[in-house]
Structure formats: structure tokens, C-alpha cells
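The structure under discussion appears below in the form of C-alpha cells.
The values are calculated or read from the model by the stated rules, or taken from the named source; none is laboratory data. Given the structure is predicted, the values throughout are model-derived calculations rather than measurements. FYI the Cβ positions are ideal-geometry reconstructions off the backbone, even for glycines, and counts take in every protein chain you see. These accessible areas exclude ligands, DNA and RNA; they are computed on the full protein's heavy atoms, side chains included. Shrake-Rupley method; radii C 1.70, N 1.55, O 1.52, S 1.80 Å.
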Amino acid sequence: MSTLTFLPYVGEYFAKEYIIPNYIGESFSSLLPATLALIQGFQDEDCNIPYQNKTSTLTRTPYKAKYSVFVYFLLIFLLLLISIAAFSYLNFSNYAKRARKNRFSWVSAEFSLNDETVDDSSQRDKEMKQKRNIKEKEMEIRFLFILTVMVTFVYYGFLPGLMSYSTIPYSNKFFHLSITLSSILLPLSIILSIFSYEVSIQRICLESVAPFILSFYIYLVSVLSPCPPFVNNKYNLGGYLIVFCWIITSLMFMRIRCLIAAKLEKYGKNILLKLGCFTIIGQVFGGLTTYFMVEYLRLFIDRPKCAPIDFCY
């Protein structure tokens, strides 16, 4: 919801240099829970598998938590209070008000009437050039909206439902690492995006190729579950590879979102509001697609608990 509500606020009152710091703050909301989860750790299943026997017994041993559930939710609540205090300071303090930009629409700036006297031919040339600029800008906005829907459809809607199918076949450890590391490293990707405010459409498209390819690999691994590639590799190659894919897709897709928002900031808060709406649309349809594929098409299969070592041979 921060994309739908807070991003237009930043675009209206602050310069484009504040767009990416907005996403940095958004990423910190996942950094704290992921760090707490990494500290808490995980517990693998204790399986008693007799030699030369495919039957196995699942035994559970109590896991000693490093901190309680109450502590976890208390820290999350403190994060919420810090967010409220930060927004209040940003909205009401004199220091923040001095940092605000003069709200001036790009439409009025670009198409304001010129008081100078010009001849008819120059005026017609100017009008034709303005029409071409308007058409180019409209095409640019539409393309970035479409790319936003694609990015949010894949990463925020479609892929999260495949997390367990793509990682648990390798072990619970890789499931745990995929979730926590992709969230912990997220701010790093956005911080590096600060140096890329002015990028071309071609560069945004080029940088989008890698995460889409890795997303397809994650989908392929999920379809092949419970026996994905390299599942029995003695060096856990498949597990580390899938963790790498989840981390890179998370970082790159978030970077693409930052670049798109910075690109659209000059068009005003209404365009940023539409950007937030398209972000939500992509998430909803991506989640519904995964739900349909899991519940009705049955394309993905869980790995059985305590599966024998030769289960995938």
C-alpha cells in the first residue's frame, strides 16, 4: 500500500532524488523481520531412515527458540511506531517543508504560451514538435506501466507461491536462506540505484532480462518438484543455485521498480498514483494465477517428508 499512497505524496511534494530513498525505507520494513528470522534460525526434520529400507520415521525434537513470539511482534510494533514518527516529522516539521519542491506541472511547463511574437510557420513547427513530444511521452508512460505490471505480476504475485516448491526439495535450510537473504540484501540494491536516476528505457529493458530469466528457472524448478535439477548433488549445488536465483530476482526486480518510479516522477502525482494502482493489479493477478495453478491444475508437487535418499533416482 505504500506504493499506492506514499509514492504519490513523495512525487508531489519532493524532488525525484527522494523517490529511491522512499523505496529504501520500504525495503527496511522487510529487513528487520528477515534479520529476526535469520537470528531465530530453523530446524530440519529429524528422520530415522533404516539402511536399505525405503520406509522412514519422522521424529520431532523440541526447538529451543532464541526469542519468543511476543518479542518478535513487539519489535515489529516498534517499527510501526518509528514509521509513524518519521512520517509525522516529514509532513509537519519546518526542516522537511523547506526541502519540498515547488509543485509545477510538466504539462503547464511544456505547453505554456509564449508571449513572444512568432510567425505562422514557426508556430506550426512548434505545435508539431509539441504533439510529437506528447505522443512520445504517452508511449513511454504506457510502456513503463506495462513493465510494472509484468514485474509485480511475476515477483510479487506469481513467484511467492512457488517458494516452497522451488526450495524445500533441496532442504529446509535453502527455504530459510532464500526468504531471509533476499529480504536482508534488498536495501543494498536500492541504495545502488541512487546512482541511476537518469536511465533510458533501453537500459531498464536490458536490466529486466536477467530477473525474468531467473524467474523462469524458479518456475521450472517448481514444476519439476519434488525432484528438481541437482537435488542429490553432494555439494548442494542445486540448493545454492536456487538461493542465488531468489536473491538476484528480488534485488533486480526492486531495482527496476525504483528506476521506473524515478522515470515517471516528472509526470506528477497522478501518474505515480496510477503506477501504484498498476503495481497492485500485477500482484493480484499474479497471486490468482498461482492459486489457480496450485489448487486446480495441480502442476506442483510437494516433496514427501522424510523422503529416502534415493527418492529421486
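Points worth noting:
- Selection from segment 145-168 of residues that are within 16 Å of residue 252 (Cα to Cα), hydrophobic (A, V, I, L, M, F, W, C) and open to solvent by less than 10 Å² (accessible area, probe 1.4 Å): 151, 159
- Tally of residues being more than 12 Å from residue 243 (Cα to Cα), under 24 Å from the mean Cα position of the chain (by Cα) and among the aromatic types (Phe, Trp, Tyr) across segment 214-230: 2
- Selection from segment 271-283 of residues that are open to solvent by 40 Å² or more (accessible area, probe 1.4 Å) and of a type in the set (A, V, I, L, M): 273, 280, 281
- For segment 176-202, a residue qualifies if it is free of Cβ contacts under 8 Å to residues at least 40 places away in the same chain and either in a helix (DSSP H, G or I) or in contact with a helix residue (DSSP H, G or I) (Cβ under 7 Å, 6 or more places away or on another chain) (or both), and the qualifying residues are 195, 202.
- Qualifying residue in segment 284-305 (condition: of a type in the set (Phe, Trp, Tyr), outside any loop (DSSP other than H, G, I, E, B) and crowded, with 17+ Cβ neighbours inside 10 Å): no
- Residues (in contact with a Leu (Cβ under 9 Å, 6 or more places away or on another chain) and open to solvent by less than 60 Å² (accessible area, probe 1.4 Å)) located in segment 235-250: 239, 243, 245, 246, 247, 248, 249, 250
- Looking only at residues of segment 68-97 that are of a type in the set (Val, Ile, Thr) and surrounded by 11 or more Cβ atoms within 10 Å (Cβ to Cβ), we find that the one that is nearest to residue 30 (Cα to Cα) is 76.
- Residue list for segment 182-205, filter: within 15 Å of residue 26 (Cβ to Cβ) and either open to solvent by less than 70 Å² (accessible area, probe 1.4 Å) or in contact with an Asp or Glu (Cβ under 7 Å, 6 or more places away or on another chain) (or both): 182, 183, 184, 185, 186, 187, 189, 190, 193, 194
- Inspection of segment 207-219 finds no residue satisfying the criterion of being crowded, with 17+ Cβ neighbours inside 10 Å and not in a helix (DSSP H, G or I).
- Test: residue in segment 256-275 that is among the hydrophobic types (A, V, I, L, M, F, W, C), touching a Phe, Trp or Tyr at 6+ places or on another chain (Cβ under 6 Å) and in contact (Cβ under 8 Å) with a residue 12 or more places away in the chain: yes
- Qualifying residue in segment 187-205 (condition: in contact with a Phe, Trp or Tyr (Cβ under 6 Å, 6 or more places away or on another chain) and modelled with pLDDT of 90 or more): no
- Residue 232 meets the conditions (1) of a type outside the set (A, V, I, L, M, F, W, C); (2) assigned to a helix (DSSP H, G or I); (3) open to solvent by 50 Å² or more (accessible area, probe 1.4 Å); (4) touching a residue at least 40 places away in the same chain (Cβ under 8 Å) in every case but one. The failed one is (2).
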